[in-house]
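Some notes on the structure that comes next.
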Amino acid sequence: MQTIGLIGGMSFESSAVYYRLVNEMVRERLGGLASAELVMHSLNFEEIVAMQKAGDWDGAAARLGDAALRLQTAGVRCVLICTNTMHLIADKVAARLSVPLIHIIDETAKSLKAAGRKRPLLLATRYTMEHGFYADRMKGLGLNVTVPDAANRTIVHDIIFNELCAGKVLDSSRTKLMEIIECERAKGADSIILGCTEICLILDPAKLPLPGFDTTAIHAKAAVEFSIGEEPHTETEAA
């Protein structure tokens, strides 16, 4: 079993989901009391949020790059950034490593393409929906990503930061998200990307009006496949 490296804490709510999913998947595949060999470097999310708000993406890349190097020094054989938003600087982090960085967008694209989906709706933070890095990378992989309008992007962003990252899961917010999904389905979306690693806390992909793709679960599965010998598409291969 190869040791998995997780850069977490962004937020710790979703990092806990990663830890649980990776270990459950290892136990399911290997049986008995098997659990994952992994190391997590959990960051102070308040510091990362301050960098996001200031547009200090170079500073964020340096911070996550340092965390990735510490994981590599600890002996991990792959690294995952346990958040969609911070994949905005994933290439800079990967460039500092000699082990693969398993990219959440690439793994999600593989799942969408395997299911025959072409026009997914991305629900995520404002940074992920508006900076273009997600849609651009998906487009290069043959997918046409759509996002909600400006008002609904604000609603989704606020639910993530003000509620989910703070451990609050509200039925009223779930209803708002479902209304946004229905609106975008009417415009031609054929699937839903749960493009924030906290959205799985409020939306069940199996209970959506369109096929749902949970990036947290997809990313965790890719890590497990790498760890036990079924290598996923990696950042190095994508370059």
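The values are calculated or read from the model by the stated rules, or taken from the named source; none is laboratory data. Computed from a prediction, not measured in an experiment: that's the story for all the values here. Cβ placement follows ideal geometry from the backbone for every residue including glycine, while neighbour counts extend to all protein chains displayed. Please note that ligands, DNA and RNA were not included when accessible areas were found on the heavy atoms of the full protein model with its side chains. Shrake-Rupley method; radii C 1.70, N 1.55, O 1.52, S 1.80 Å.
Do we find that ARG70 is more than 20 Å from VAL224 (Cβ to Cβ) and either among the small types (Gly, Ala, Ser) or open to solvent by 20 Å² or more (accessible area, probe 1.4 Å) (or both) in this structure? When the stated conditions are applied, ARG70 passes them. Among the residues of the stretch 181-203, those that are closer than 17 Å to ALA115 by Cβ and either open to solvent by 30 Å² or more (accessible area, probe 1.4 Å) or in a loop (DSSP other than H, G, I, E, B) (or both) comprise ARG185, GLY188, ALA189, ASP190, GLY195. The set of residues from the stretch 140-152 being open to solvent by 50 Å² or more (accessible area, probe 1.4 Å), at pLDDT 95 or above and assigned to a helix (DSSP H, G or I) comprises ALA150, ALA151.
Residues in the stretch 108-139 that are open to solvent by less than 10 Å² (accessible area, probe 1.4 Å) and assigned to a helix (DSSP H, G or I): 6 in all. Of the numbered criteria (1) closer than 26 Å to LEU21 by Cα; (2) in the same structural domain as ARG126 (by the TED database); (3) in a helix (DSSP H, G or I); (4) open to solvent by less than 30 Å² (accessible area, probe 1.4 Å), the one ASP158 fails is (4). Only one entry in GLU163, GLU184, GLU179 is modelled with pLDDT of 95 or more, touching a strand residue (DSSP E or B) at 6+ places or on another chain (Cβ under 6 Å) and more than 18 Å from THR108 (Cα to Cα), namely GLU184.
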